Amino acid sequence: MLKRTPLYQAHVDMGAKLVDFGGWEMPLHYGSQINEHHSVRHDCGMFDVSHMQVLDVRGNDCRSFLRYLVANNVDKLQEKGKALYSAMLNPEGGVVDDLIIYYLDESWFRIVVNAGTAEKDIAWMNQKASGFSIEISPRRDLAMIAVQGPNAREKVWQALPGSFELTENLRPFTSVEMGEMFIARTGYTGEDGFEIMIPAKAAPFFWQALAEKGVKPIGLGARDTLRLEAGMNLYGQDMDDKVSPLEAGLAWTVDLKSERDFVGKDALLSKPVKYQLAGLVLLDKGVLRSHQKVSTSQGEGEITSGSFSPTLGVSIALARIPKEVAVGEKVQVSIREKELQAKVVKYPFARNGKSLI
């Protein structure tokens with residue numbers, strides 16, 4: 001039996017094509033994935049991300065626990081509502097999961113983890129919490145709706161009375177509470193907007209209010225092409241528990257400068273970095289897909305995520321290739337027993353509605 005979010009019936013009513021996504025019955029699209037993609041790049045759209053797991057970590061040892069648990073340094077979180085992107089690592093330096101941490105106060109941090117890894121993540125956190133005075137509480141009473149695009153904030157202000165005053169000056173990667181709602185200026189598309197946590201029972205009403213203001217529903221298909229254009233990693237494809245964050249384009253999220261110890265730090269310091277995550281643009285006709293082999297002047301690599309880019313009109317990919325390969329170099333990608341030419345580029349490929357390459 002597939003799990004369903006509080007917005008399941010709304011998706012059915014809007015004509016969504018529903019698919020199995022990590023055990024959840026989720027909308028793939030509502031008609032045209034391409035149109036949904038362009039709606040977010042040029043106007044705005046709304047995503048049901050209620051399948052993702054919200055966790056509240058409470059207790060006297062919250063900060064010290066998180067300093068040990070994640071690779072980024074939670075000491076950066078000093079202002080109420082501030083958010084931090086990071087990863088939990090295993091002792092071998094592989095990525096257990098990537099997540100966002102929100103600071104509410106010294107005895108309350110909120111974490112959002114991926115849906116498909118939620119049970120594993122909670123077990124991992126509870127195991128690592130031994131000796132710390134904390135409690136980890138899954139918040140399945142909350143739904144989460146992301147509204148993304150250049151007009152996203154304005155549409156939320158129209159649909160949610162009172163939100164303008166609270167969020168007009170909300171900076172990226174910060175959040176604010178509004179009654180029982182939690183509004184964060186974060187996202188997974190490369191566009192501006194909010195991710196809004198709301199009591200599950202109220203989610204269908206807020207979804208409808210957004211729809212009445214002209215916000216289009218967006219499915220998983222467009223969510224994936226949007227995040228790929230924005231150069232954002234997807235767990236299970238661009239990284240996993242066997243891949244170092246230093247070889248997954250996540251070095252910027254790893255604090256190796258402070259004396260703080262964290263799970264996986266010794267492994268990162270002891271293993272040489274052999275690969276990089278790079279962008280590819282296909283120069284020949286075809287479509288780049290995950291697991292396709294990449295041949296370079298420095299050895300072989302593999303595409304981790306690939307798709308046709310609606311914004312650029314070409315096929316793009318993220319690929320793990322030898323670290324010596326430079327931007328601008330030509331490489332060969334094996335597609336259906338043919339060797340097609342691609343160029344190494346710096347990602348992100350597109351953000352704020354525009355091409356960056």
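Say whether the condition of being within 20 Å of residue 181 (Cα to Cα) and modelled with pLDDT of 95 or more is met by at least one residue in region 70-79. If you could, list the steps in order and put the result at the bottom.
If we filter region 70-79 for residues that are within 20 Å of residue 181 (Cα to Cα), which is where we start, we get 79.
Adding the requirement that they be modelled with pLDDT of 95 or more leaves 79.
Looking for residues that are within 20 Å of residue 181 (Cα to Cα) and modelled with pLDDT of 95 or more, one finds at least one in region 70-79, hence yes.
Can you pull out every residue in region 279-309 that is out of contact with any Lys or Arg (no Cβ under 8 Å at 6 or more places or on another chain) and under 18 Å from residue 231 (Cβ atoms)?
The answer is 282, 288, 289, 290, 294, 305, 308, 309.
From 256, 268, which residue is surrounded by fewer than 23 Cβ atoms within 10 Å (Cβ to Cβ), over 27 Å from residue 23 (Cβ atoms) and without any contact (Cβ under 8 Å) to a residue 40 or more places away in the chain?
Numbers: 268 fails: without any contact (Cβ under 8 Å) to a residue 40 or more places away in the chain.
Checking each option against the conditions leaves just 256.
Take the residues of region 225-241 that are in a loop (DSSP other than H, G, I, E, B) and not hydrophobic (A, V, I, L, M, F, W, C): which is farthest from residue 344 (Cα to Cα)? Talk me through it step by step, then tell me what you get.
Filtering region 225-241 for residues in a loop (DSSP other than H, G, I, E, B) gives 230-234, 236-238, 240-241.
Remaining after also requiring not hydrophobic (A, V, I, L, M, F, W, C): 231, 233, 236-238, 240-241.
Values: 231: 14, 233: 17, 236: 23, 237: 19, 238: 16, 240: 23, 241: 26 Å.
If we take residues in region 225-241 being in a loop (DSSP other than H, G, I, E, B) and not hydrophobic (A, V, I, L, M, F, W, C), then 241 is farthest from residue 344 (Cα to Cα).
Counting only residues that are without any contact (Cβ under 8 Å) to a residue 40 or more places away in the chain, part of a strand (DSSP E or B) and touching a Phe, Trp or Tyr at 6+ places or on another chain (Cβ under 8 Å), how many does region 159-188 have?
Summing the residues that are without any contact (Cβ under 8 Å) to a residue 40 or more places away in the chain, part of a strand (DSSP E or B) and touching a Phe, Trp or Tyr at 6+ places or on another chain (Cβ under 8 Å) in region 159-188 gives 1.
Can you say whether residue 261 is over 16 Å from the mean Cα position of the chain (by Cα), in the same structural domain as residue 336 (by TED's automatic domain parsing), at pLDDT 95 or above and of a type in the set (Asp, Glu), as far as the supplied structure shows?
On the way: over 16 Å from the mean Cα position of the chain (by Cα): yes; in the same structural domain as residue 336 (by TED's automatic domain parsing): no; at pLDDT 95 or above: yes; of a type in the set (Asp, Glu): yes.
No, not satisfied.
Got a sec? Which strands (runs of 3 or more DSSP E) wholly within region 242-357 have at least 1 residues that are closer than 30 Å to residue 91 by Cα?
On the way: elements: 275-282, 293-296, 299-309, 314-322, 330-335, 338-345.
Per the criteria, 275-282, 293-296, 299-309, 314-322.
Test of understanding: among 31, 59, which residue is under 30 Å from residue 220 (Cβ atoms) and out of contact with any Cys (no Cβ under 9 Å at 6 or more places or on another chain)? Before you say what the answer is, go through the steps one by one.
Numbers: 59 fails: under 30 Å from residue 220 (Cβ atoms).
Among 31, 59, only 31 is under 30 Å from residue 220 (Cβ atoms) and out of contact with any Cys (no Cβ under 9 Å at 6 or more places or on another chain).
Filter region 208-224 down to the residues that are in contact with a Phe, Trp or Tyr (Cβ under 8 Å, 6 or more places away or on another chain) and in a helix (DSSP H, G or I), then identify the one that is farthest from residue 356 (Cα to Cα).
My answer is 220.
Quickly run through region 65-80 and pick out the residues that are in contact with a Phe, Trp or Tyr (Cβ under 8 Å, 6 or more places away or on another chain), of a type outside the set (A, V, I, L, M, F, W, C) and buried (at least 16 other Cβ atoms within 10 Å of the Cβ).
Going residue by residue through region 65-80, those that are in contact with a Phe, Trp or Tyr (Cβ under 8 Å, 6 or more places away or on another chain) are 65-72, 74, 77-80.
Of the ones still in play, those that are also of a type outside the set (A, V, I, L, M, F, W, C) are 67-68, 72, 78-80.
Selection gives 67, 68, 72.
Going by what's in this entry, would residue 309 be described as surrounded by 15 or more Cβ atoms within 10 Å (Cβ to Cβ) and polar (S, T, N, Q)?
Considered against the rule, which asks whether it is surrounded by 15 or more Cβ atoms within 10 Å (Cβ to Cβ) and polar (S, T, N, Q), residue 309 comes out as yes.
Among the listed residues 22, 59, 94, identify the single one that is at pLDDT below 95 and of a type in the set (Gly, Ala, Ser). Walk me through it before giving the result.
Values: 59 fails: at pLDDT below 95; 94 fails: at pLDDT below 95.
One residue alone meets the criteria, 22.
Got a sec? Which of 317, 326, 278, 342 is buried (at least 23 other Cβ atoms within 10 Å of the Cβ) and more than 23 Å from residue 240 (Cα to Cα)? Outline the logic, then answer.
On the way: 317 fails: more than 23 Å from residue 240 (Cα to Cα); 326 fails: buried (at least 23 other Cβ atoms within 10 Å of the Cβ); 278 fails: more than 23 Å from residue 240 (Cα to Cα).
Exactly one residue qualifies, and that residue is 342.
May I ask you to list the residues in region 110-157 that are part of a strand (DSSP E or B), in contact with a Cys (Cβ under 9 Å, 6 or more places away or on another chain) and either outside the structural domain of residue 185 (by TED's automatic domain parsing) or of a type outside the set (A, V, I, L, M) (or both)? Steps first, answer last, please.
Within region 110-157, the first condition is being part of a strand (DSSP E or B), and the residues that meet it are 110-113, 135-138, 142-148.
Then drop every residue that is not in contact with a Cys (Cβ under 9 Å, 6 or more places away or on another chain), which leaves 147-148.
Hit for region 110-157 is 148, nothing else.
The values are calculated or read from the model by the stated rules, or taken from the named source; none is laboratory data. As the structure is a prediction and not an experimental result, all values here were calculated from the model. Because the Cβ atoms are built from the backbone with ideal geometry, glycine has one as well, and the counts that use them run over all protein chains shown.
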